[in-house]
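Okay, so here's the structure we're looking at.
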Amino acid sequence: MLAFTTRIPLAVMIAMGIKQWENRSVMPYPACGKCVMTCSKSSDSREYANFLAWAKHVFPAEAYAALPTWEQVADWRGKLIAVCDYEASYTPGP
């Protein structure tokens, strides 16, 4: 099983299905399977507040309303938060 770490704003969007593509400089082997996502310990409330301010202007109202608060995600730092299927590709696919 593969793993990747990302900052909390991106982790929230990936976990909610808002962000479906993740770009990495190294292609995983094997090219498809299961992976786990962990959150960076360095994510902070200021960064998340900036993300929420941006999201309020970009996301549809119902998607923005579904975003968790900092208090709901603060404990994600340094922890495994999701298991997902992945498919690695040099070009976007379905």
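The values are calculated or read from the model by the stated rules, or taken from the named source; none is laboratory data. Everything numeric in this text was worked out from a predicted model, so none of it was measured. Cβ placement follows ideal geometry from the backbone for every residue including glycine, while neighbour counts extend to all protein chains displayed. All accessible areas refer to the heavy atoms of the entire protein, side chains included, with ligands and DNA or RNA removed. Shrake-Rupley method; radii C 1.70, N 1.55, O 1.52, S 1.80 Å.
Please report the net charge: other residues with Cβ closer than 9 Å to the Cβ of Leu10, K and R +1, D and E -1. If you can, show how the numbers build up before the last one.
Numbers: positive: Arg7, Lys19; negative: Glu22.
It works out to a net charge of +1.
Leaving out ligands, DNA and RNA, what percent of the accessible area of the chain is carbon and sulfur, probe 1.4 Å? Display every interim value, and only then the final one.
Values: 3720 of 6500 Å².
Carbon plus sulfur share of accessible area: 57 percent.
So, in nm, how far is label Val36 from label Glu87 when the simple model puts each one 7 Å beyond its Cα toward the Cβ?
2.5
Relative to the longest principal axis of the C-alpha atoms of the chain, give the angle of the C-alpha long axis of helix 45-58, reported between 0 and 90° and rounded to the nearest 10°.
Taking Cα atoms only, the helix is inclined about 90 degrees.
Tell me the net charge near Phe51. Cut-off is 15 Å between Cβ atoms, Phe51 excluded, with +1 for each Lys or Arg and -1 for each Asp or Glu.
Numbers: positive: Arg7, Lys19, Arg46, Lys56, Arg77; negative: Asp44, Glu47, Glu71.
Local charge sum for Phe51: +2.
If you place +1 on the Cβ of every Lys and Arg and -1 on the Cβ of every Asp and Glu, how big does the dipole about the Cα centre of the chain come out, in debye to the nearest 20?
200
Counting only DSSP beta bridges with both residues in the chain, tell me the antiparallel percent, nearest 5. Each step should come with its number before you reach the end.
Numbers: 7 of 13 bridges.
Beta bridges within the chain, antiparallel portion: roughly 55 percent.
Would you grab the residues whose amide H sits under 5 Å from the one on Ala82? Only those 5+ places off in sequence or on another chain, please, with H modelled 1.01 Å from N.
Under 5 Å from the amide H of Ala82 lie the amide H atoms of Met37, each far enough along the sequence or on another chain.
What number, rounded to the nearest 500 deg cm²/dmol, is the helix-based mean residue ellipticity at 222 nm of the chain, given -39500 (n - 2.57) per DSSP H run of at least four residues and division by all its residues? Spell out each step's value before the answer.
Values: 4 runs with 32 residues, N = 94.
Estimated from H runs of four or more residues: -9000 deg cm²/dmol.
Quick one: which residues, 5+ away or cross-chain, put their amide H under 5 Å from the amide H of Arg7? H built at 1.01 Å from N.
It is Ser40, by chain and number.
Might you tell me the accessible area per residue for the stretch 1-72, computed with a 1.4 Å probe and given in Å²? Don't jump to the answer; show the numbers that get you there.
Values: 4760 Å² over 72 residues.
With all protein chains present, the stretch 1-72 gives 66 Å² per residue.
With charges set only on the Cβ (+1 for Lys and Arg, -1 for Asp and Glu), what does the dipole of the stretch 42-90 come to about its Cα centre, in debye to the nearest 20? Spell out each step's value before the answer.
Numbers: 4 positive and 7 negative charges, 36 e Å.
The dipole of the stretch 42-90 has a size of about 180 debye.
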